[in-house]
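One structure is given below, encoded as structure tokens.
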Amino acid sequence: MTGAPLPADEYRRLLDLARYQILDSGQDETFDRITRLAARVLQVPVAVLNLVDQHRQWGKSAYGLGDTTAPRQDSFCAWTILDDGPLVVEDAPRDPRFRQNPMVTGAPHIRMYAGAPLISPAGHRIGTLCVTDDKPHPLSAEDLQALQDLAAIAMNELELRRQQLDAQHDAQAQRQQVAELRRTLEQARILEGVSSLMDLELEPEQATLAAASLISEAISADYAALMTWHGDTFTVQAAHHQPGVPAAVLTLAQQLPQMMGGVTRSLRDLARPLYLHDYAAHPQALPELVAAGVAQAAWIPLGEGGSGPTLLMAVRLQGHAVTDWRAGDRTLLEAAGRTIRHALQRRAALQQIHDQAREDALTGLLNRRAFDEDLDTRERGSEPFTLAVIDLDGLKVVNDTEGHAQGDRLLQVFAAALAAQAGEGGAAYRLGGDEFALLLPDQGEAEVLARIDVAMGAAAQLTTQRTGASAGVVRWAEEAHAPARLALADQRMYAAKRRRRASVA
């Protein structure tokens, strides 16, 4: 006995079958009616509606048999789904594909089998409607047509069932969406303000501080601050405090990073909001804060800030009119926290996209786009600067003699060394091919050329070919505008290149 081969579209067929959510479902009179009718019309003792899963056949309905689940390698129906037409096995004990099949050698002792595939609207054969007999049972062309018609009816019922399930899921999703919308509208005024703040052209820390102030005002917090982690320590930025808050509370809040222990220090990786209705009862409560009058405290994770995880901490003091964190307080805090978190994530994603657009893929240096943007920024600024354009000489020879992989390594090493030589306040760029540039704080030509020579010395160790760097250096004061500075730098670079070639000759 051999198992049936897999259909050519097996992966897509299984995905299509899964869409019907029919496997392992309960009994359904709709399909039982079809198998009864098939048995009666074809005058056979057994009729089954089978679905062919990855490793098994599973029966949705069976007339004349109990459970029809079987390993796929033993399945007659696995052969049926290989073709759009019906499969007829007139004498299974004599068919080499089935003579050793356990359903032939044992119960139900199949002698005759006929199956019509269930063909989905997508064109995939997901199962069969089949009939069997334990005695010889010739079938006419009319019988086979009836079997195919009933299979088509069964497929229509499966499709209708799928559409009904989809409609139910859509309705449930719509109900959930309406409920969520109502909850969101209840908090709309504050959240709209938070969202507007996060969309302003502010630094992320500034926008988050302003949003934290707005939220804290809405929940009547006496004091609120942002806690941002930097490794194992954190900083405190006050976002809001009510008039009349004791100076001791403000001072202690700023001193939290230096104080040993405390609740905040243990919350670096906080994933869910933490609400303390009685701060003094917490085992890690700081006695100094309790003495200063802290009664309630809440910490809301806001995601990654500029340098690490950020929390919003809100505090109420003893004697506050509200004695616990109400459901409305928690809902607003958490919704606002999500808004801020998503805004920070969006900013980070946009920044990453921007950074990637400014990066040379091979060397990791800033690229031509970044150079143009940064040069324009320096032109509009008031600080003098120095510009250098550089050609890496000999790259073509390295590519031709040692291969492009070696040429790429030469570029990468030169780029890394050049970036290191750019120093504080400077930046290195790959403009394309073997062209590089530097933007540096204002300095003399000799110092710039020395930096380039150091970078070239590191790269030259990679190859036995003659390599070098021709550079043109222009200081800010030498020309009035960027185009003129670039043109002068190019002139000097080509002059250096000519001198280098002449010296080699």
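The values are calculated or read from the model by the stated rules, or taken from the named source; none is laboratory data. This structure is a prediction, so every number in the text was calculated from the model and none was measured. Please note: Cβ atoms are built from the backbone with ideal geometry, for glycine as well, and neighbour counts cover all protein chains shown.
Values for this structure:
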| read-out | value |
| --- | --- |
| Subset of the stretch 456-479 [assigned to a helix (DSSP H, G or I) and more than 13 Å from Asp393 (Cβ to Cβ)] | Gly457, Ala458, Trp476, Ala477, Glu478 |
| Qualifying residue in the stretch 248-269 (condition: under 21 Å from Thr339 (Cβ atoms), of a type outside the set (Asp, Glu), assigned to a loop (DSSP other than H, G, I, E, B) and touching a Phe, Trp or Tyr at 6+ places or on another chain (Cβ under 8 Å)) | yes |
| Identity of the residue in the stretch 3-41, among the β-branched types (Val, Ile, Thr) and under 44 Å from the mean Cα position of the chain (by Cα), that ends up surrounded by the most Cβ atoms within 10 Å (Cβ to Cβ) | Ile22 |
| Among the candidates Ala154, Ala167, residue that is more than 35 Å from the chain's Cα centre (by Cα), surrounded by 10 or more Cβ atoms within 10 Å (Cβ to Cβ) and either modelled with pLDDT of 90 or more or closer than 29 Å to Val41 by Cβ (or both) | Ala154 |
| Unique residue being closer than 21 Å to Ala152 by Cα, surrounded by fewer than 20 Cβ atoms within 10 Å (Cβ to Cβ) and not polar (S, T, N, Q) when the list is Pro138, Pro121, Pro96 | Pro121 |
| Residue in the stretch 315-332 that is in the same structural domain as Leu226 (by TED's automatic domain parsing), part of a helix (DSSP H, G or I) and crowded, with 21+ Cβ neighbours inside 10 Å present | yes |
| Selection within the stretch 238-247 - part of a loop (DSSP other than H, G, I, E, B) and in contact (Cβ under 8 Å) with a residue 12 or more places away in the chain | Gln242, Val245, Pro246 |
| Residues of the stretch 333-350 classified as in contact (Cβ under 8 Å) with a residue 12 or more places away in the chain and either surrounded by 14 or more Cβ atoms within 10 Å (Cβ to Cβ) or not in a helix (DSSP H, G or I) (or both), total | 12 |
| Output for the stretch 267-295, where each listed residue is surrounded by fewer than 12 Cβ atoms within 10 Å (Cβ to Cβ) and more than 23 Å from Thr251 (Cβ to Cβ) | Asp269, Ala271, Arg272, Ala281, Pro283 |
| Residue within the stretch 216-237 that is more than 13 Å from Arg316 (Cβ to Cβ), aliphatic (A, V, I, L, M), out of contact with any helix residue (DSSP H, G or I) (no Cβ under 7 Å at 6 or more places or on another chain) and assigned to a helix (DSSP H, G or I) present | no |
| Yes/no for Leu418 being within 42 Å of the chain's Cα centre (by Cα) and not in a helix (DSSP H, G or I) | no |
| Qualifying residue in the stretch 77-84 (condition: in contact with a Leu (Cβ under 8 Å, 6 or more places away or on another chain), surrounded by fewer than 18 Cβ atoms within 10 Å (Cβ to Cβ) and not in a helix (DSSP H, G or I)) | no |
| Enumeration of residues in the stretch 368-394 that are touching a helix residue (DSSP H, G or I) at 6+ places or on another chain (Cβ under 6 Å), assigned to a helix (DSSP H, G or I) and surrounded by 15 or more Cβ atoms within 10 Å (Cβ to Cβ) | Leu375 |
| Index of the failed condition, Pro441 passing every other in (1) touching a strand residue (DSSP E or B) at 6+ places or on another chain (Cβ under 8 Å); (2) within 18 Å of Gly364 (Cβ to Cβ) | (2) |
| Residue in the stretch 62-80 that is farther than 20 Å from Ile119 by Cβ, over 40 Å from the mean Cα position of the chain (by Cα), at pLDDT 95 or above and of a type in the set (Ser, Thr, Tyr) present | yes |
| Those residues of the stretch 124-148 which are without any contact (Cβ under 8 Å) to a residue 40 or more places away in the chain and in a loop (DSSP other than H, G, I, E, B), in sequence order | Lys135, Ser140 |
| From the options Ala455, Ala450, Ala482, residue that is closer than 16 Å to Gly381 by Cα and out of contact with any strand residue (DSSP E or B) (no Cβ under 6 Å at 6 or more places or on another chain) | Ala482 |
| In the stretch 97-148, the residues that are under 18 Å from Asp74 (Cβ atoms), basic (Lys, Arg) and modelled with pLDDT of 95 or more | Arg111 |
| Leading residue by the ranking (surrounded by the fewest Cβ atoms within 10 Å (Cβ to Cβ)) among those in the stretch 417-441 that are closer than 16 Å to Leu395 by Cβ and free of Cβ contacts under 8 Å to residues at least 60 places away in the same chain | Gly433 |
| Number of positions in the stretch 93-122 that are more than 20 Å from Leu150 (Cα to Cα) and out of contact with any Lys or Arg (no Cβ under 6 Å at 6 or more places or on another chain) | 17 |
